[in-house]
Structure formats: structure tokens, C-alpha cells
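K.L.:
Dumping the structure here so I can ask a few things about it.
Just so it is clear, none of the values below were taken in a lab; they were calculated from the coordinates. Predicted model only: the values in this text are computed from it and were never measured. Note: ideal-geometry Cβ built from the backbone for every residue, glycine included; neighbour counts use all protein chains shown.
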Amino acid sequence: MTGTVQSFLVPNYSGLLYNKANTDTPFLNSISGRVKYTNSVEFVCGQYYTSEEGAIPAISETASLTAPDATYVTRTQMSNVTQIFHETVAVSYAKQSNMATLGGVNIAGQVENPTNELDFQTNSKMNKIKRSIEKTFIQGTYNKAASDSQINKTRGILAAITTNVKAAGGAALDLWLVNEVVTSIKNAGGDISNLQMLLNATNLLQLHGNAVEMGMKVGEPYMNTYGIMVRDLLLPIGCVLHFGLGEFLPDGTALIYNPAVCGPVEQPVPGKGNFFREELAKDGASTKYQIFGQIGLDHGPEWYHGKITGLSTTFTKPDGIKVKTISG
């Protein structure tokens with residue numbers, strides 16, 4: 001709803017509070033241990049270079065009397081930008097002083113929940129901001145503003161990935177598609193020792209079903225360091241892949257990423273910090289606050305990640321479980 005919180009617009013009730021909205025942010029959680037800070041809109045994600053390819057020499061003794069021509073390797077800098085997240089909360093004085101007036105079922109001895117409307121509304125806005133950051137870090141498209149009226153947009157992880165991309169052509173997700181992308185990451189020079197895969201519900205079921213059908217053991221689910229529920233799968237290429245349920249993935253898209261090279265980059269306001277609540281100028285009998293923050297994604301070297309696009313969006317039930325028979 002838009003506007004200032006007032007007594008009849010937002011009635012008070014008793015009882016436990018349950019949020020019907022999804023507040024999960026698995027990608028943001030998994031990279032939050034590498035948070036960095038910047039005092040510039042544009043920040044560095046690292047540098048990349050391409051080593052010279054090895055070759056079998058063909059040099060005669062006579063030719064060796066003259067040194068070969070010098071060669072060199074160039075470097076290119078990678079960067080991204082932060083973008084603004086901005087929300088407003090306003091609660092009337094009358095509402096703040098009227099929290100004990102209850103609506104709905106009113107039984108003696110019950111108290112209002114929440115007891116502080118401003119804190120409740122602020123917390124709700126912060127949940128919205130976290131989900132907005134998650135969606136931006138997954139789906140965001142890059143734009144660097146050239147004027148104050150233009151918008152800085154951080155590059156999301158899906159847009160960043162250009163090297164290790166597999167078009168599935170409508171096929172159902174299976175172990176071999178995943179293994180092909182991970183192999184591509186390895187061949188491109190990426191580190192495959194710490195990969196995580198985020199999937200929507202359909203593809204999560206599809207991959208799990210395919211792995212079991214092929215006789216692969218899928219590890220028991222566990223909570224990793226940042227509270228993400230993942231399972232382990234040993235790929236044919238020889239690495240363990242952690243896979244779990246993601247958010248804001250486009251239909252038919254699966255994401256494989258290395259969280260060790262990713263991180264949020266915050267741009268604090270001097271003297272205030274980042275994602276702070278600040279009271280705005282008075283304009284009557286209400287309290288009005290703004291919540292302001294600037295953040296961007298350091299996605300690291302894009303060839304450390306991979307994605308599969310064009311996957312089937314419907315679940316295909318496995319034909320059956322293959323069982324090995326051992327003759328005695």
C-alpha cells in the first residue's frame with residue numbers, strides 16, 4: 001500500500017505474526033562472507049589475462065644462435081557499478097499512540113503484535129530490499145550512468161556469464177548437461193573445487209531424479225555456512241557440486257557459480273553507513289523515514305561460473321530406478 005500508516009488503514013491484532021511472502025535470498029547469503037566496500041560508484045572486479053599457449057618447439061642449433069622475437073601478455077580490468085536502493089516509511093502520531101486498540105478477535109489479556117508499528121514497517125522494508133538485491137544480483141543488466149539523471153545498474157551474475165553457456169534446446173536437465181558446463185568451466189581456467197548450483201523447483205527435482213535414476217548417490221541435505229540448504233553430487237569430471245533451490249531464476253535457466261570469487265560491494269554514505277534509516281523533515285503529525293543504500297555485485301572472473309538456458313520447464317518423471325544385480 002502507498003501512503004502513511006494510520007489507525008484504520010493498518011489495524012492492530014493479537015496473535016503470532018506469519019509472513020506469507022518469500023523472504024529467501026540464497027545467492028546473497030552464499031556470497032555475503034566476502035562483502036567489500038567502495039567510495040566509488042564503479043568498482044574493480046579484478047583483472048584478467050590470457051597466458052600464451054604452449055607449443056612443441058622446432059628450433060635448430062643454427063636458429064638458436066639468434067634469440068627469438070619478444071612477446072608479451074596484456075591485462076584487462078573488470079569492473080561493475082553499485083546502484084541505489086531507496087524506500088520510505090511513514091507512521092502517523094495517532095497510530096503510534098493507538099497500538100493498544102485491537103481489531104478482530106479481542107480476548108481479555110491479549111496484547112498487540114507488533115507493539116511498535118515503525119519497527120514493523122521498517123523490518124518489512126528491509127525484507128523487500130534484501131529480495132530486491134537478490135533479484136538484481138541474479139537478473140540485473142549493466143548500465144553505467146553518464147549523467148545524474150541516468151541510472152546505475154549493477155551487472156547480475158547471469159548477464160556476467162558469457163563463456164560457459166550451454167543452450168539446452170528444450171531438453172530436461174540431466175547430469176550430463178551439468179557435467180558439460182562444469183567441464184567447460186575447468187577448460188576455461190576456472191576453479192571447479194567449490195561450485196554451487198541454484199535451480200528452480202522443477203529443475204531441482206529433475207536433476208535429483210536423473211541422478212538417482214543413474215544410480216548416483218545424492219548427499220543428504222545440509223545447511224552450508226550461510227544457511228543455504230544444499231545437496232552434494234559427485235560429477236563424472238571428479239568434483240563435488242553443491243546444488244539447491246534458488247530464487248529469481250528465469251524459466252528454463254540453471255546457474256552454476258563459484259561463491260569464493262563473488263561478493264557484495266557496499267558504498268556507504270560517510271557518517272551514516274549503508275542501508276540506514278533516517279528521519280525526514282516534518283510535514284505534520286507523522287514520523288517519516290527514508291531507508292537508503294547503495295550496493296553492487298563483484299562477480300569475479302565470469303569464466304569461473306556457468307549457466308544452462310533453454311531447459312524444459314516441465315518435470316519429466318524418471319522411468320525407473322536402475323538397480324545393479326550382483327551374481328554370486
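K.L.:
Fewest to most neighbouring Cβ within 10 Å: what's the order for Y49, Y13, Y289, Y304?
P.N.:
Y49, Y13, Y289, Y304
K.L.:
While we're on this one: Given C-alpha coordinates of region 1-131, what is the ratio Rg to Rh with the Kirkwood estimate of Rh? Each step should come with its number before you reach the end.
P.N.:
Numbers: Rg = 30.5 Å, Rh = 21.5 Å.
With Rh from the inverse mean 1/r over Cα pairs, Rg/Rh is 1.42.
K.L.:
Going toward the positive end of the dipole of the chain, with +1 on Lys and Arg Cβ and -1 on Asp and Glu Cβ, which of Y18, G215, V44 do you reach last?
P.N.:
Farthest towards the positive end: Y18.
K.L.:
Hey, what did region 66-159 get for relative contact order, percent, Cα under 8 Å, at least 6 apart? Please report the intermediate quantities before stating the final value.
P.N.:
Numbers: 83 pairs, mean separation 28.5, N = 94.
The normalised contact order for region 66-159 reaches 30 percent.
K.L.:
In debye, nearest 20: dipole of the chain around its Cα centre with unit charges on the Cβ of K, R (+) and D, E (-)?
P.N.:
Dipole magnitude for the chain comes out near 660 debye.
K.L.:
Could you run the Karplus curve 6.51 cos²θ - 1.76 cosθ + 1.60 with θ = phi - 60° over region 30-40 and give me ³J(HN,Hα) per residue in whole Hz, x for Gly and Pro?
P.N.:
After applying 6.51 cos²θ - 1.76 cosθ + 1.60, I find 6, 10, 5, x, 10, 4, 10, 10, 9, 10, 9 Hz.
K.L.:
Now for a different question. Please report the spacing between the Cα centers of region 201-215 and region 12-69 in Å, no decimals.
P.N.:
Answer, in whole Å: 29.
K.L.:
Another question, if that's okay. Amide H of D298: which non-local residues (sequence gap of 5 or more, or other chain) have their own amide H closer than 5 Å, using H built in the peptide plane?
P.N.:
G263, V265
K.L.:
Counting other Cβ atoms within 10 Å of each Cβ, which trypsin sites (Lys or Arg not before Pro) in region 160-247 have at most 13 and sit in a DSSP loop?
P.N.:
On the way: sites: K166, K186, K217, R231; in loops: K217.
Those satisfying the criteria are K217.
K.L.:
With an 8 Å Cα cut-off and a minimum separation of 6 or more residues, compute the relative contact order for the chain in percent.
P.N.:
Numbers: 632 pairs, mean separation 87.6, N = 328.
Value for the chain: 27 percent.
K.L.:
For region 144-292, what ratio Rg/Rh do Cα atoms give with a Kirkwood hydrodynamic radius?
P.N.:
Working: Rg = 20.7 Å, Rh = 18.5 Å.
Value, to two decimals: 1.12.
K.L.:
Given the options G310, G219, G296, which has the most mean-square fluctuation in a GNM of the chain, springs set between C-alpha atoms less than 10 angstrom apart?
P.N.:
G219
K.L.:
Using only the alpha carbon atoms of the chain, find the Kirkwood hydrodynamic radius as the inverse mean reciprocal pair distance, in angstroms to one decimal.
P.N.:
This gives a value of 23.6 Å.
K.L.:
Under a crude label model (7 Å from the Cα following the beta-carbon direction), how far is E42 from A145 in nanometres?
P.N.:
1.5 nm
K.L.:
Using a 10 angstrom cutoff on alpha carbons, build the Gaussian network for the chain and name the most mobile of N143, N116, N127.
P.N.:
N116
K.L.:
Could you give each residue of region 9-26 its phi-based ³J(HN,Hα) in whole Hz, using Karplus coefficients 6.51, -1.76, 1.60 with θ = phi - 60°, and x for Gly or Pro?
P.N.:
Ordered by residue, 3J(HN,Hα) equals 6, 10, x, 9, 10, 9, x, 5, 8, 10, 8, 6, 7, 7, 10, 5, 9, x Hz.
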